[in-house]
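Just so it is clear, none of the values below were taken in a lab; they were calculated from the coordinates. Predicted, not measured: the structure shown is a model, and the values here were computed from it. Cβ atoms come from the backbone with ideal geometry, glycine included; neighbour counts cover every protein chain shown.
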Amino acid sequence: MKKVLLSLLIASSVFMTGCSSFKSGKDVIIKVNDTNITKQMYDDAFNQSASSSLVKKEDKNSDKGRFLNLVMKDRIVNELVIKEMLEQEYKKMNITVSDEEMNKAMDKIYTLVGGRKNFLEGLKMSGATEQQYKEAVEKELKADKLLKKINTDKISDKDIEKYYNENKSSKFVYPDMVRASHILIMANEEEIKEELKNKNPKTNDSTITSQASQEMEKRKAKANAILAELKKDSSNFAKTAQKESEDLSSANLGGDLGFFAQQEVPEEFSKAAFNTKPGEMVDSVIQTMAGYHIIKVTDRKEAGVMPFEEVKGDIRTYLENEKKISSLQKYIDSLKSKTKVVYVDKSYDPAEIQQELKDVMKKFNKESQQTVKKDEKQK
């Protein structure tokens, strides 16, 4: 069981980022009590979600495209309304987040991902901005403060022990595991080609392929040179990883990846690691989609059941998050019952959206049946 941040558990139902703060009367689609939600706010949220989903890849005029757009529309409308209801509650209860609290939260996140550089690289890949992420973190911190006020029940040691005993044979068993450290020289040929193409758009494909191949060989040679040096004295592995590894999250730990099962890492990596004795290095550089790895196995662990003391903290975190989610959902339900929500533009009314979804599904099912009948006739 792994520790899960509250944001990962309830972000989809509570926290929205990238929404415009423009709330004038122009282009109002929804009113939450006396506060406006505008078309621009909806579009901002929709576009951000669509940029990293299947919706972007589908023709919005096709049945599948219409269906996916409507599903997302329904979710985003719900999230915008919930977000505004909560914002109004925060103001009533004088719940705010100080700069110091924000800085502490962000520092914790930077540490979890191996530094701010890794954090920014991850944001770039997701298409989000640092400001959008910070807005989400602020909402999370506010929600956490709210939860502390409304949720006074604590998770007891008995609750944790009960959960462990009831789930010991299903959730706390582990297969044979290996602990290893690695030094990664990043090298993905397709990514290199893309980088080269972006730098020199006019270069033809054959030249790009040749240049990418040369770059791959150059990086492989670097990995082999590091391995050759470590074969002379593997006691320098941790220091070399800190200096040379391009996997920054593990480099800070001397390359340590912790324990992992065979299926948790790429096949090439696991095969090499599981065939190497503790204290020894894999004899050659191993290539995966990430690049070239120099691997040192440090420990092994036979299949078994995780001891209670080892997972007690993780269980507490899990149960506390479950309780937070349940409490927050109940609180949101109670807010809905006493909040006046008016769908000024009826096309954003959840009832209208659900009816559109039914119509699309009905049409899709009808066309599918006709296709099946047509195929049966042809047979």
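What the table below lists for this structure:
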{"read-out": "Nearest-0.05 FRET efficiency for Gln262 and Lys148, computed from C-beta distance (R0 45 Å)", "value": "0.60"}
{"read-out": "Sites Lys31 and Arg116 - FRET efficiency at Förster radius 35 Å, r taken between beta-carbons, to 0.05", "value": "0.30"}
{"read-out": "Filter on Lys92/Lys324; Lys83/Lys108; Lys64/Lys197; Lys124/Lys220; Lys222/Lys277; Lys324/Lys346 - keep pairs with C-alpha separation over 28 Å", "value": "Lys64/Lys197; Lys324/Lys346"}
{"read-out": "Contour minus Cα-Cα distance for Ser347 and Ser284 (0.36 nm per residue)", "value": "16.5 nm"}
{"read-out": "Mean residue ellipticity (222 nm) of the chain, computed from DSSP H runs ≥ 4 via -39,500 (n - 2.57), nearest 500", "value": "-20500 deg cm²/dmol"}
{"read-out": "Relative contact order of the chain, pairs being alpha-carbon contacts under 8 Å that are 6 or more residues apart, as %", "value": "25"}
{"read-out": "Folded to 0 to 90 degrees: helix 157-171 orientation relative to the chain principal axis, Cα", "value": "70"}
{"read-out": "Approximate spin-label separation Glu246-Glu217, in nm, with each point projected 7 Å along Cα-to-Cβ", "value": "1.8"}
{"read-out": "Extended-chain gain in nm, criterion 0.36 nm per residue less alpha-carbon gap, Leu123 and Ser206", "value": "26.7 nm"}
{"read-out": "Cα-derived Rg over Rh, computed across the stretch 122-169 with Rh taken as Kirkwood radius", "value": "1.26"}
{"read-out": "Glu135 versus Lys199: modelled label distance in nm, points set 7 Å from Cα along the beta carbon direction", "value": "3.5"}
{"read-out": "Förster radius 41 Å - calculated FRET efficiency between Gln355 and Lys301, Cβ distance, rounded to 0.05", "value": "0.15"}
{"read-out": "Crossing angle, helix 189-199 versus the chain [Cα axis fit, 0-90 degrees, rounded to tens]", "value": "70"}
{"read-out": "Extension gain (nm, one decimal) between Lys362 and Met106, 0.36 nm per residue minus Cα-Cα", "value": "87.5 nm"}
{"read-out": "C-alpha long axis of helix 350-378 to longest principal axis of the chain, angle in °", "value": "60"}
{"read-out": "Ratio of the Cα radius of gyration of the chain to 2.2 N^0.38 Å, where N counts its residues", "value": "1.25"}
{"read-out": "Computed over the stretch 174-305, Kirkwood Rh from alpha-carbon pairs, angstrom", "value": "15.7"}
